[in-house]
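Input: a single structure, listed below in structure tokens.
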Amino acid sequence: MDKAMEERMRSLGALAATSMIRQTSDILHEKGMFTVDRFFKLAMGEQGLPDDMEETNFCLNWVQRMPMAKSDPIWHELAAKHLPELVEKWRTETLGLITPVSTTINTISYTPYFVRFIKSPAGQGMAALQAKRAADAAKMLRSASENDVAQVFQFLSTLLLLQTDVQFGNDVDPEIVQRLLPLLRFLNRKPEFANRLASEASERVLCVLSDRARDQQMRPLLPMVKATLETPLKTCGVRNCRSTAQGKELMKCSRCKTAVYCSTEHQRWSWPDHKKLCFAATF
């Protein structure tokens with residue numbers, strides 16, 4: 001078999017595998033394996049399973065293989081309905097850095113519901129708490145797996161981006177920062193993490209907490225990442241409409257209180273798409 005044919009066979013095999021994975025995830029979804037209620041109970045430790053973390057990872061891995069059109073509604077509804085309870089559980093967690101509830105919150109941290117919550121009084125101090133927990137677990141993190149390091153610092157980088165003010169900085173204790181910096185530099189230089197998410201996430205945290213990060217090219221990208229997360233709260237929800245909260249006062253969706261519009265006409269235009277992710281928020 002020549003190289004061209006071999007490469008074609010590999011591509012066809014990969015496509016077939018992807019198709020089978022998606023079909024399986026769809027079947028599991030239709031059987032009720034991936035409901036909002038199930039994810040919430042797993043995160044809160046209410047399923048009565050011997051290993052809620054293993055079950056949480058199993059469900060998350062399958063949902064992440066689903067098309068976003070199917071997975072997004074799950075994460076948006078979970079965030080809208082249960083964020084206050086999830087965060088309260090996370091704040092009082094004593095089982096370690098990586099638990100069902102921390103993993104679940106990290107998963108939904110990209111949603112506009114989370115962005116709005118973290119900027120409310122109930123969300124304050126999350127970045128500082130995650131930073132302290134990471135600093136306290138420095139010894140464990142030095143030998144942790146790439147996936148665990150990536151999860152811890154991806155979550156922390158998101159929290160820091162959303163809770164760091166350009167003028168006033170963040171509320172992370174300077175003593176905690178000084179304890180974190182050597183750990184972050186160690187992880188960022190770890191050969192087995194090179195070009196992996198663990199290295200990228202630790203570098204992102206370094207860029208926020210210090211002006212001496214190794215990858216200075218990443219620094220200008222951070223405001224863009226933050227703007228992307230905050231866009232649904234500040235920009236009219238109609239595609240290609242650039243009206244922002246700075247230009248005029250925008251109308252909020254009365255149901256989710258998250259999507260904003262520059263006019264009732266644009267709100268009507270957006271509804272066919274928005275209704276798939278619109279849930280009455282509990283906060």
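The values are calculated or read from the model by the stated rules, or taken from the named source; none is laboratory data. Quantities reported herein were computed from a predicted structural model and do not represent experimental measurements. Positions of Cβ are generated from backbone atoms using ideal geometry, with glycine treated the same way; all protein chains shown enter the neighbour counts.
Couple of notes before you dig in:
- If you go through region 125-150 and keep only what is polar (S, T, N, Q) and closer than 20 Å to Lys226 by Cβ, you end up with just Gln130.
- Listed by first and then second residue, the pairs with beta-carbon distance under 8 Å, at least 6 apart or on different chains, first residue in region 204-216 and acidic (Asp, Glu), second modelled with pLDDT of 70 or more, are Asp215/Glu203; Asp215/Cys207.
- Restricting the first member to region 270-283 and to residues that are within 12 Å of Lys257 (Cα to Cα), and the second to residues that are among the hydroxyl-bearing types (Ser, Thr, Tyr) and buried (at least 19 other Cβ atoms within 10 Å of the Cβ), the beta-carbon pairs closer than 7 Å and six or more apart or on different chains are Ala281/Tyr113; Ala281/Thr258.
- Qualifying positions in region 92-113 - in a loop (DSSP other than H, G, I, E, B) and touching a residue at least 24 places away in the same chain (Cβ under 8 Å): Gly96, Leu97, Ile98, Thr99, Ile108, Ser109, Tyr110, Thr111
- Which listed residue is part of a helix (DSSP H, G or I), touching a residue at least 60 places away in the same chain (Cβ under 8 Å) and either touching an Asp or Glu at 6+ places or on another chain (Cβ under 9 Å) or under 19 Å from Arg219 (Cβ atoms) (or both), from Leu187, Leu162: Leu162
- Annotation: of all residues in region 254-265 being touching a Ser or Thr at 6+ places or on another chain (Cβ under 9 Å) and either modelled with pLDDT of 95 or more or crowded, with 20+ Cβ neighbours inside 10 Å (or both), the one that is farthest from Ala79 (Cα to Cα) is Cys262.
- Residue within region 136-148 that is crowded, with 20+ Cβ neighbours inside 10 Å, touching a residue at least 24 places away in the same chain (Cβ under 8 Å) and within 15 Å of the chain's Cα centre (by Cα) present: no
- Cross-chain or 6+ apart pairs with Cβ under 7 Å, region 52-71 first and basic (Lys, Arg), then assigned to a helix (DSSP H, G or I): Arg65/Ile21; Arg65/Arg22; Arg65/Ser25; Lys70/His29
- Here region 221-253 is the region considered, the condition is being basic (Lys, Arg) and surrounded by 13 or more Cβ atoms within 10 Å (Cβ to Cβ), and the residue that is farthest from the chain's Cα centre (by Cα) is Lys252.
- For His274: the one exception among (1) under 15 Å from Phe117 (Cα atoms); (2) at pLDDT 95 or above; (3) not β-branched (Val, Ile, Thr): (1)
- Of all residues in region 47-86 being of a type in the set (S, T, N, Q) and part of a helix (DSSP H, G or I), the one that is modelled with the highest pLDDT: Ser71
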